[in-house]
Amino acid sequence: MDLSVVFLGTGGSVPSARRATACVLIRSGGSRILVDAGEGAQRQMINSTGLVQVDEIYITHFHADHYLGLPGLLKTYDLLERQRPLRIIGPAGLIGFFEALRRIFGRLRYEVELVELEPGEAVEHEGFEICAFGVEHRMKALGYAYVEPERPGRFDVEAARTLGVADARDYGRLQRGETVSVDGSDVRPDQVLGEPRQGRKVVITGDTAPCEMTRVAAHAAQLLVHDGTFAVEESARAADTGHSTARDAAQLAVDAEVAMLAIVHVSSRYNVSGVLDEAREVFRDTVAPRDFDLVEIPFPERGGPELIQDGARQRPEPQAEPAPIPD
C-alpha cells in the first residue's frame, strides 16, 4: 500500500506568498485524509494535486489558521455534487464549532458526520488507524498519529515445501496466522514466517509546545510533522504561546527515535533555512518542506522516507469530470 504525505500549507499563522497556512494530506492506498484546512486549502489542492475528494478531515484545534479553508472546501464539494459522506473529526467542541461555520457555507447536500475525540481515542480504518493524543497549546488541541499494525514476516516457500505444504491455499492460511494440517501433522505459521515486520507511523502535532505525549505517540515513527514556529532566540515566547522552537522539535525527534522530522508552521519573520539549520544541529534528518512538497514513506524494510520537492504537482490525483456549476 502506497503511503505519502503532501504538504499543502506549511506556513505560520500569517500566510506568505510562498507558504499557506496549516494543511497536510495523507494518501494511504485509496484513502485521502486531510489534517487541518487552513485558508485557501482548496486552492492549494487545485494548484498541485488537483481538487482531492477527501474521506476525512481532522482538525487539530480551533485557531483560525487551521480551519479557515474548511467552509470553502465544503461548499465546493456541494457545488460539484459530491455524493459520498464526509467525516470531520476534532477535539471536544467540534459540533458547536461546525454549527457556527454552517452560517458561512449553508446547507450541504451530502452527509457530514462529526466526531469529537478525546486523547487516547482512535478512528479505525482498513489497514491503519488514526489515534488522537493530547498536545500542549493555548487551548484544547490534539495531535494525530497514523498507525499501521505489524505485518506478518516474509513467507519462506522453501521451508513450507520442506514441511510438505504444497497447496497455495495453505500458503495463504499460514500467512494469515492459521495452522494447517499436512499428512496428519500440523504446520504452524512460526515455522514458515520470518519475524513480524513493522507497520508505518506518521505523526502530525499541529500547534504545540514540546511535550511527553508527542514523544510517546511519535516513538519510532517514520515521519514526525512538528510545530517549529520559533528560532532558539525566542524560546521564552515559544513557551508562553504554546509553540515550539525548531530545536525543541529536533530534540523531541531524537528522543522519539523517528526516521525523519518535518518542521512546519515556521513564523514568517524568519528565514526558514536558518531555523532549519538550528534543528539540524540536533537532528540531522530534519526537513522544512515547502508547499507542494511530498514525503514518500515506503515500508521500513524497503528504505526510509524521502522528501520529493514539488512532488504534489508531479503526482496529481485522478480527476473526475466536474459537474456543471450553476451561476
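The values are calculated or read from the model by the stated rules, or taken from the named source; none is laboratory data. Nothing here was measured: the structure is a model prediction, and the numbers come from that model. Cβ: placed from backbone, ideal geometry, glycine included. Neighbour counts: every protein chain shown. Each accessible area value is taken on the protein alone, full model and side chains, heavy atoms only, with ligands, DNA and RNA left out. Shrake-Rupley method; radii C 1.70, N 1.55, O 1.52, S 1.80 Å.
When you scan segment 85-178 for strands (runs of 3 or more DSSP E) that lie fully inside it, which ones turn up with 2 or more residues that are surrounded by 19 or more Cβ atoms within 10 Å (Cβ to Cβ), in contact (Cβ under 8 Å) with a residue 40 or more places away in the chain and in contact with a helix residue (DSSP H, G or I) (Cβ under 9 Å, 6 or more places away or on another chain)? Reasoning before the result, please.
Details: elements: 86-91, 112-117, 122-125, 128-134, 142-147.
Per the criteria, 128-134, 142-147.
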Among the candidates 261, 307, which residue alone is at pLDDT 95 or above, farther than 28 Å from residue 62 by Cα and assigned to a strand (DSSP E or B)? 307
I'm told residue 15 meets every condition in (1) within 27 Å of residue 200 (Cβ to Cβ); (2) in contact with a Ser or Thr (Cβ under 7 Å, 6 or more places away or on another chain); (3) open to solvent by 20 Å² or more (accessible area, probe 1.4 Å) except one. Can you identify the failing condition by its number? (1)
Could you check residue 186 against (1) among the charged types (D, E, K, R); (2) open to solvent by less than 40 Å² (accessible area, probe 1.4 Å); (3) assigned to a strand (DSSP E or B) and say which number it fails? (2)
If residue 289 meets every condition in (1) assigned to a helix (DSSP H, G or I); (2) touching a Ser or Thr at 6+ places or on another chain (Cβ under 6 Å); (3) over 15 Å from residue 207 (Cα atoms) apart from one, which number is that one? (1)
Looking at 34, 51, can you tell me which residue is among the hydrophobic types (A, V, I, L, M, F, W, C) and in a loop (DSSP other than H, G, I, E, B)? 51
Report, by residue number, each residue of segment 253-271 that is closer than 26 Å to residue 47 by Cα, open to solvent by 30 Å² or more (accessible area, probe 1.4 Å) and touching a residue at least 24 places away in the same chain (Cβ under 8 Å). 268, 270
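Among the candidates 250, 246, single out the residue that is open to solvent by less than 20 Å² (accessible area, probe 1.4 Å), touching a Phe, Trp or Tyr at 6+ places or on another chain (Cβ under 6 Å), of a type outside the set (Asp, Glu) and under 26 Å from residue 138 (Cβ atoms). Before the answer, list the steps.
On the way: 246 fails: touching a Phe, Trp or Tyr at 6+ places or on another chain (Cβ under 6 Å).
Answer to the selection: 250.
Give 231, 239 a once-over and let me know the one that is surrounded by 18 or more Cβ atoms within 10 Å (Cβ to Cβ), modelled with pLDDT of 90 or more, more than 24 Å from the chain's Cα centre (by Cα) and at negative phi.
Details: 239 fails: surrounded by 18 or more Cβ atoms within 10 Å (Cβ to Cβ).
None of the others qualify; the one that does is 231.
Out of the residues in segment 258-297 that are of a type in the set (Lys, Arg) and more than 16 Å from residue 244 (Cβ to Cβ), which is farthest from the chain's Cα centre (by Cα)? If you could, list the steps in order and put the result at the bottom.
Initial filter on segment 258-297 (of a type in the set (Lys, Arg)): 269, 280, 284, 290.
In the following step, the residues that additionally are more than 16 Å from residue 244 (Cβ to Cβ) were identified as 284, 290.
Working: 284: 22, 290: 16 Å.
For segment 258-297, the residue satisfying everything is 284.
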Any idea how many residues of segment 24-59 are on the phi > 0 side of the Ramachandran plot and under 16 Å from the mean Cα position of the chain (by Cα)? 2
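Give 104, 57, 89 a once-over and let me know the one that is in contact with a Phe, Trp or Tyr (Cβ under 6 Å, 6 or more places away or on another chain) and of a type in the set (Val, Ile, Thr).
Going through 104, 57, 89 in turn, the sole match is 89.
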